Amino acid sequence: MRYELLIALRQLRARKFQTLLSVGAIALAVMILTVSHSLLLGVTGEIYNITVDKLPHVSVSPEEGEDYIYLYGTLVGRIGSIEGVTAVSPFLTGQASFRFKDNSLNCELRGVVPSQENEISSIEEDMVEGSFQEIEFSRNTVVIGSKLAEKLEVNPGDSVDVSFPNANLLSLRVVGIFHTGSPLDEVLAYTSLGTAREFYDASNAVNGVSVRLRDFNRDTEVANEIKKLGYNAKGWTETDPAILRFIAIESTSNAVIYGLIVVIASFGVVSTLNLSVISAKGQIGMLRAMGAQVSGIQRIFILQSGILGLLGALFGTFAGVLIALAIGQYEIPADPSDVYGSISFIPIVVRFQDIVFIIFAVFLLNLITGVYPARQAAKLDPVKAISSK
Amino acid sequence: MTDESPVIELKNLTKVYQNGVEFRTLDNANLRIKKGEFVAIVGPSGSGKSTLMHLIGLLDTPSSGTLLIDGKDVTKMSDKERSGMRNRILGFVFQYHHLLPDFTALENVMMPLLIAGKSREKAKDVAEKLLKEVGLEGRMEHRPGELSGGQNQRVAIARALSCSPAIVLGDEPTGNLDTKTGDMIYELLRRLNKEYNQTFIVVTHNEDLASKADIIIRLVDGKITVQ
Ligand SMILES: Nc1ncnc2c1ncn2[C@@H]1O[C@H](COP(=O)(O)OP(=O)(O)O)[C@@H](O)[C@H]1O
Ligand SMILES: [Mg+2]
């Protein structure tokens, strides 16, 4: 064993109380960091599951310069055969003006195959009146968002006039109302692909395809594969970056706050080590006389700081993981009216690579903060140090 | 190397402190010390004895002049080279023993060897032999706090000898001890000097002890006279 490590370890053991205190402070900070990080990972994971779950994971649009995708049947087949794709839904969408009695509103009228669209957006779960499948069974029918229905003052069974410049005027019967709780309730209506074609005058074409994936983290990868087929494709991270931004801000502020706590705990080590430099002046001078280089003296103190940090990080992450897992066992009383009603446990995610990263980062941080007392020790004039009692 | 070539040679060695006024702590010292000699340095307090020891011990740098150790000019060496020379060629005993309080006597004596990069086994063998030599075979596992002043100073002497240095420097090694213990330590140094033929330079206030040395160097106001 190198003499620096030998001396570092021996000094830590000799100062039992201070060592315990330093390790305890770092461990406590690291524990809080670990628990909060696991909670954050769990909660953001849930946010992803709830929000991203209803988004198309990949949206395909026509080639550059084209308005429509023709021969979409082949495309749907080819996308469906891509590894990891679980559902594909072609749609024909555009703007439409809805009129009922004196009320008139513009919104998106989207023609879909209901069974396929439902696999993408699970809209059937959000139906408050009527049936989503009905648009496929009866011609000239529509399912509209709850806010839209409210503003038009329509009820199921009423017929609304739908028009738009360059579109064919149609009268559509409302067969269902959905409520997602999102802004879509005000701006979206569904009809069958056939009805949409009649309205937009686009025979046998669609202008978009929605894709659902088994793993929504692979969106960019799958989008790139679809691009190779000659179409425009974007993953949800590109079409809805706001979700990512929200989670990124949450994660960053979390990391900053708890990172600071760890830094403060590490600075406690600096003051302890500074004191030990002062009290060990004579010994440091003697070590220099015995042939220890300045760098060797520095290493003795950097090692002490690093070891304290490493011990604190190990104990802290260990305790943090135990506590996080215990929190994960806690059952939340069910409340079905809540948006989070489907979650019955506090979401916790303990990621092994993050734990390793925390341990490594705290160790590194303490090696760095150890530089200050190490400098103090190295700056000592050996002549003066030896003359001190 | 013949017996005539000096292990230590001072040529016009000068140390000046500049605190507003110029203070010549060591003034144009010229001196040649041969291998195996036992040198006593005497002089009143503040005459520059410690300054001379620190310069020869490569712990301090001269303001002017040349210092040759083993024929090599050491005044212009890097910290690494000087540290290496302190480790291999020089052994120190100071007024305060400065033993590491958390290590046993044995480990303290092993320390210079560990700094030199020797294995623990090798260091332990050497340290045990030296502690027997200074009469502490029964105290090897004791820490400095469990030993008397004289015993600790003997541990410090064993430590100074552990890397078989060519030169052993003692700056008032008996200064903190009662006369009887001091005499014993001094006898021990003299015996080790005869046994190993190492060069010893020892600062002492005790003229009686000094008279037994091969050479007596008297320092007055930074000026050297050799007797
Ligand atoms: N760092 C320093 N700055 C200024 N003067 C010093 C310093 N170190 C030593 N001196 C002075 O140099 C003189 C010699 O000191 P020293 O070598 O310790 O004497 P001795 O060991 O013979 O008692 C003293 O007068 C002391 O005050
Ligand atoms: Mg002195």
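Extending each Cα 7 Å along its Cβ direction at A:F360 and A:N217, get the distance between those two points in nm, one decimal. That separation, rounded to one decimal, is 1.7 nm.
Entry comment: accessible area of the stretch A:56-239 is 47 Å² per residue, from protein heavy atoms only and a probe of 1.4 Å. Solvent-accessible area lost on pairing A with B (1.4 Å probe, both sides summed) amounts to about 2400 Å². When the surface is traced with a 1.4 Å probe over the full set of protein chains, B:V202 keeps roughly 0 Å² accessible. Taking B:L161, B:L58, B:L114 in turn, the Gaussian network model of chain B (Cα-Cα springs below 10 Å) assigns the largest fluctuation to B:L114. Computed about its Cα centre, the charge dipole of the stretch B:34-107 is approximately 260 debye, with only Lys, Arg, Asp and Glu carrying charge at their Cβ. Tell me which of B:T75, B:V168, B:G145 sits at the most positive position along the dipole axis of the stretch B:6-226, charges placed on C-beta atoms (Lys, Arg +1; Asp, Glu -1). About the Cα centre, the residue reaching furthest to the positive side is B:T75. Distance between the C-alpha centres of the stretch B:88-104 and the stretch B:125-144: 14 Å, rounded to the whole angstrom.
Other residues with beta-carbon under 11 Å from the beta-carbon of B:E9 carry, at +1 per Lys or Arg and -1 per Asp or Glu, a net charge of +2. By the Kirkwood approach, averaging reciprocal distances over each pair of separate Cα atoms, the stretch A:153-195 gets a hydrodynamic radius of 11.9 Å.
What's the local net charge at A:N103, with K and R +1, D and E -1, over the other residues with C-beta under 14 Å away?
That works out to -2.
Dimensions of the stretch B:6-226 from C-alpha coordinates, computed as largest minus smallest value along each principal axis and given longest first, are 50, 38, 35 Å. Counting only whole DSSP H helices of chain A, the ones at least 27 Å long by C-alpha along their axis and with mean Kyte-Doolittle hydropathy no lower than 1.0 are A:16-47, A:241-279, A:294-328. Between the residues A:P165, A:L184, A:S146, the greatest Cα displacement towards the positive end of the dipole of the stretch A:56-239, with unit charges on the Cβ of Lys, Arg, Asp and Glu, is found for A:P165.
Its Cα centre serving as origin, the stretch A:56-239 has a Cβ charge dipole (Lys and Arg +1, Asp and Glu -1) of approximately 260 debye. With 30 Å² as the minimum drop in accessible area between chain alone and full protein complex (1.4 Å probe), the qualifying residues in the stretch A:279-300 are A:Q283, A:M286, A:R288, A:A289, A:M290, A:G291, A:Q293. When chain A is treated as a Gaussian network with alpha carbon springs shorter than 10 Å, the biggest mean-square fluctuation among A:K147, A:K379, A:K227 belongs to A:K379. With a simple spin-label model that places each label point 7 Å from the Cα along the Cα-to-Cβ direction, the separation between A:Q329 and A:E124 comes to 3.9 nm. Answer rounded, prolate or oblate for the stretch A:56-239, using the Cα gyration tensor with square roots of eigenvalues a ≥ b ≥ c: rounded when a/c is under 1.5, else prolate when a/b is larger than b/c, else oblate. Prolate. Taken along the Cα-to-beta-carbon direction at a fixed 7 Å, the label points for B:K72 and A:S344 span 7.9 nm. The Cβ shell under 12 Å around B:M110 holds other residues with a net charge of +2, Lys and Arg each +1, Asp and Glu each -1. Under a model in which nothing but the beta-carbon of Lys, Arg (+1) and Asp, Glu (-1) is charged, chain B shows a dipole of about 400 debye around its Cα centre.
Springs between Cα atoms under 10 Å define the GNM used for chain A, and in it the highest mean-square fluctuation of A:G235, A:G320, A:G291 occurs at A:G291. Projected onto planes of every orientation and averaged, the convex hull of the alpha-carbon atoms in the protein assembly as shown covers 43.1 nm².
The values are calculated or read from the model by the stated rules, or taken from the named source; none is laboratory data. What you see is a predicted model, and the numbers here were worked out from it, not measured in a lab. No Cβ is skipped: glycine too gets one built from the backbone with ideal geometry, and neighbour counts run over all protein chains shown. These area figures cover heavy atoms from the full protein model, side chains too; ligands, DNA and RNA do not enter into them. Shrake-Rupley method; radii C 1.70, N 1.55, O 1.52, S 1.80 Å.
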